[in-house]
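The values are calculated or read from the model by the stated rules, or taken from the named source; none is laboratory data. Values in this document were obtained by computation on a predicted structure and should not be read as measured data. Quick reminder, even Gly has a Cβ in these numbers, built from the backbone with ideal geometry, and neighbours come from all protein chains shown. Side chains are part of the model used for accessible areas, which takes the heavy atoms of the whole protein and leaves out ligands, DNA and RNA. Shrake-Rupley method; radii C 1.70, N 1.55, O 1.52, S 1.80 Å.
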2 protein chains.
Amino acid sequence: MTSAGAAGRAPRGRIPEPTVARLPVYRRLLASLVAGRIRTVSSTELAAAAGVNAATLRRDLSHLGTYGTPGTGYDVVRLGEMVDRALALGRDWPIVIAGAGNLGRALARSRGFTTGGFRVVALVDVDPGQVGRTIEGVPIAHVEQLAELVVREGVALGVVATPASAAADVARRLADAGVRAILNFAPAVVPSPGGVLVRSVDLAAELQVLTFHLARARGEGASLGEEPPAGGTADRPQ
Amino acid sequence: MTSAGAAGRAPRGRIPEPTVARLPVYRRLLASLVAGRIRTVSSTELAAAAGVNAATLRRDLSHLGTYGTPGTGYDVVRLGEMVDRALALGRDWPIVIAGAGNLGRALARSRGFTTGGFRVVALVDVDPGQVGRTIEGVPIAHVEQLAELVVREGVALGVVATPASAAADVARRLADAGVRAILNFAPAVVPSPGGVLVRSVDLAAELQVLTFHLARARGEGASLGEEPPAGGTADRPQ
DNA sequence: GCATGTGAACACATTCACAGCA
DNA sequence: TGCTGTGAATGTGTTCACATGC
């Protein structure tokens with residue numbers, strides 16, 4: 001065992017994916033506690049704010065190798081640093097966005113893409129009418145300049161905000177250029193080019209999940225439109 | 001048991017959440033098969049295109065009460081209709097978007113929000129400078145007009161694209177106005193107002209999940225920066 | 001022979017409940 | 001006493017493997 005110094009206990013093994021997905025939420029909450037000069041927080045409080053079970057929160061933090069104090073809680077600043085370290089934040093993460101359409105331009109301006117170390121260094125597009133313009137100071141380059149750009153700026157993260165028809169091709173270009181992870185917003189299944197990490201966000205799908213649940217709540221969907229006229233209350237209180 | 005007519009078998013019980021999240025992907029793939037005049041597809045083929053295991057796909061479809069043909073596969077048109085029905089698509093879904101900033105405007109123009117029955121009837125904002133303008137024909141109204149708008153247009157879906165500080169308040173307004181489900185893009189935990197369904201998409205969090213995995217792939221994150229120089233190959237072949 | 005639908009096994013994540021410590 | 005960290009129980013989803021049917 002390595003010496004467990006004052007900086008925290010060594011974490012164990014891999015971190016479950018659902019835990020990873022919750023870390024950014026904890027991070028945000030911890031940041032606002034720091035801003036509010038709160039020094040300490042219990043798992044019950046933080047879990048309530050995050051909308052998760054307290055045991056789940058403690059389990060999540062235990063994966064990071066936390067050092068909460070029984071009877072007191074967690075040190076807000078320390079915990080925030082641990083979460084940041086787990087997420088590999090607190091360093092520079094240059095990003096290139098492929099596709100300078102509505103979504104690409106909006107993402108280039110969004111706070112989430114321009115804070116916490118993230119920095120949009122360029123957009124790329126195929127449209128010559130776009131190339132050369134800037135969005136909030138960020139230049140739009142031609143897609144042919146991608147490779148040079150990625151190397152020069154040390155870009156590791158690529159964002160795909162093109163039409164679905166172009167997504168797979170541009171993902172391959174990004175991977176070839178040296179990008180190591182891709183966030184895809186195009187409504188297409190993007191095969192991981194060369195083992196590059198791909199994560200997709202499908203805006204239409206999110207809406208469709210909602211309509212699914214709305215129909216369910218109404219008692220539809222169970223059959224082909226024939227449904228015993230529901231006895232009033234819906235099944236799920238939540 | 002109800003008579004299992006030609007339209008499909010009756011589905012059983014509730015549908016698991018991960019299955020629901022995959023249905024939109026299947027839907028998209030089926031639509032392109034229809035466009036390509038393909039009549040039939042096997043679970044193996046469709047699963048490969050969707051990037052999931054074939055058994056998972058069959059299990060997913062079985063929740064819908066499918067009627068595939070052993071030895072042949074699924075009828076593309078029929079299956080597409082079943083997925084659409086499960087997602088409650090093929091009807092009109094008016095949407096209101098709260099927040100006419102970069103993201104709200106981009107969403108109002110995005111295809112995912114304007115096809116498949118979805119229709120953005122209005123954006124609302126607090127900024128008087130925005131009110132009265134239109135985005136691609138969609139009017140920007142004042143947030144005070146929300147209630148009237150929701151009732152008049154029969155809006156069931158609300159989208160929150162405001163700063164985090166306004167998200168909870170605007171979600172409450174949407175719920176009070178009669179919206180039954182909310183898609184939240186603000187980086188905030190939005191408590192479900194009055195039992196309304198809330199689903200959140202956090203753009204910054206998506207990037208952070210990627211940086212987590214990039215650091216992991218490099219062998220970081222396991223300790224506090226001290227790491228046995230990895231023996232060459234990474235753990236995960238994928 | 002080939003592909004569906006599903007019982008059973010497995011893998012994983014969540015939650016309970018409590019020992020242990022401040 | 002209060003709260004953490006975690007073994008054990010539970011709940012949930014995925015995958016295998018095959019009986020069934022075309």
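Laid out as a table, the results:
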read-out: Residue in segment B:71-93 that is more than 14 Å from chain A (Cβ to nearest Cβ) and in a loop (DSSP other than H, G, I, E, B) present; value: yes
read-out: In segment B:41-50, the residues that are open to solvent by less than 60 Å² (accessible area, probe 1.4 Å) and more than 8 Å from DNA strand C (Cβ to nearest atom); value: B:Ala47, B:Ala49, B:Ala50
read-out: Residue list for segment B:165-182, filter: assigned to a helix (DSSP H, G or I), farther than 16 Å from B:His142 by Cβ and open to solvent by 40 Å² or more (accessible area, probe 1.4 Å); value: B:Ser165, B:Ala168, B:Arg172
read-out: Number of the condition not met by A:Ile140 [criteria: (1) touching a Ser or Thr at 6+ places or on another chain (Cβ under 8 Å); (2) open to solvent by less than 10 Å² (accessible area, probe 1.4 Å); (3) closer than 22 Å to B:Phe113 by Cβ]; value: (3)
read-out: Subset of segment B:146-162 [part of a helix (DSSP H, G or I), in contact (Cβ under 8 Å) with a residue 40 or more places away in the chain and of a type in the set (Val, Ile, Thr)]; value: B:Val150
read-out: Segment A:88-116, residues that are modelled with pLDDT under 95 and in contact with an Asp or Glu (Cβ under 8 Å, 6 or more places away or on another chain); value: A:Gly90, A:Gly112
read-out: Qualifying residue in segment B:102-111 (condition: more than 7 Å from every other protein chain (Cβ to nearest Cβ), out of contact with any Cys (no Cβ under 7 Å at 6 or more places or on another chain) and in a loop (DSSP other than H, G, I, E, B)); value: no
read-out: Among the candidates A:Phe118, A:Phe185, residue that is more than 8 Å from every other protein chain (Cβ to nearest Cβ) and among the aromatic types (Phe, Trp, Tyr); value: A:Phe185
read-out: Residue under evaluation B:Ala55, criteria (1) surrounded by 16 or more Cβ atoms within 10 Å (Cβ to Cβ); (2) part of a helix (DSSP H, G or I); (3) near DNA strand D (Cβ under 9 Å from one of its atoms), criterion not met; value: (1)
read-out: Cβ pairs under 8 Å, 6+ apart, first in segment A:35-46 and within 14 Å of chain B (Cβ to nearest Cβ), second of a type outside the set (A, V, I, L, M, F, W, C) and within 12 Å of DNA strand C (Cβ to nearest atom); value: A:Glu45/A:Gly73
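Yes/no per residue for (1) within 12 Å of DNA strand D (Cβ to nearest atom); (2) modelled with pLDDT under 95; (3) surrounded by 13 or more Cβ atoms within 10 Å (Cβ to Cβ); (4) part of a helix (DSSP H, G or I):
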residue	(1), (2), (3), (4)
B:Gly5	no, yes, no, no
B:Arg12	no, yes, no, no
B:Ala21	yes, no, yes, yes
B:Ala31	no, no, yes, yes
B:Ile38	no, no, yes, no
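Here is a yes/no grid of residues against (1) at pLDDT 95 or above; (2) away from chain B (no Cβ under 11 Å):
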position: A:Leu123; (1), (2): yes, yes
position: A:Val138; (1), (2): yes, yes
position: A:Leu146; (1), (2): yes, yes
position: A:Ala168; (1), (2): yes, yes
position: A:Ala177; (1), (2): yes, yes
position: A:Arg180; (1), (2): yes, no
position: A:Arg199; (1), (2): yes, no
position: A:Leu207; (1), (2): yes, no
position: A:Arg218; (1), (2): no, no
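Table: residues versus (1) open to solvent by less than 20 Å² (accessible area, probe 1.4 Å); (2) under 25 Å from B:Leu203 (Cβ atoms); (3) out of contact with any strand residue (DSSP E or B) (no Cβ under 7 Å at 6 or more places or on another chain); (4) within 16 Å of DNA strand D (Cβ to nearest atom).
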residue	(1), (2), (3), (4)
B:Leu61	yes, no, yes, yes
B:Thr69	no, no, yes, yes
B:Tyr74	no, no, no, yes
B:Arg78	no, no, yes, yes
B:Asp84	no, no, yes, no
B:Arg91	no, no, yes, no
B:Ile97	yes, yes, no, no
B:Ala108	yes, yes, no, no
B:Arg111	no, yes, yes, no
